1. Among helices (runs of 4 or more DSSP H) lying entirely in segment 1-106, which contain 1 or more residues that are modelled with pLDDT under 70 and charged (D, E, K, R)?
2. Which ones in segment 59-78 are touching an Asp or Glu at 6+ places or on another chain (Cβ under 8 Å) and within 15 Å of Gln89 (Cα to Cα)?
Amino acid sequence: MRGPGFHGRLQEMSSDKKQRPDSQLTDLSSVLQSLLANGKSPLSDQFLKFKLVKSWKKIVGQTAAETSLPVSLKFSRLIVWVNSSARLQELRFMEEELKRRINRFFGSERVTEIRFTLERRRATSADEVTGNFR
């Protein structure tokens, strides 16, 4: 007499799975977010910048958000575009407070330095970022 064959073994395996207790599954978006947020992935800086741009108004307040935007986040250095030199000076005086707010948002010390610039060539508005990912 022949054994159960391939289809018989496959059916046994699927019935074994049904008998196992349900395991805790995590959705893919949660896994990706935790991988990117841990700072060890080459894409993590870009992911954190995306989160920062998306929440910029909540982090820095309405007035500062209307005149500034994060441009780059690399190796704990945040570059922020500012629309005027007067506003740039004002934000420089607030640099330590901004770092505290940003790091509180991330839940760890991700930003150790902030540089402000008047050059906007790489700045993206929060509307452009969130519009692309809806």
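The values are calculated or read from the model by the stated rules, or taken from the named source; none is laboratory data. None of these values were measured; they are calculated from a predicted model. Reconstructed Cβ throughout: ideal geometry from the backbone, glycine too, with neighbour counts over all protein chains shown.
1. On the way: elements: 5-19, 28-37, 44-54, 56-60, 62-67, 85-93, 95-106.
Correct list: 5-19.
2. none
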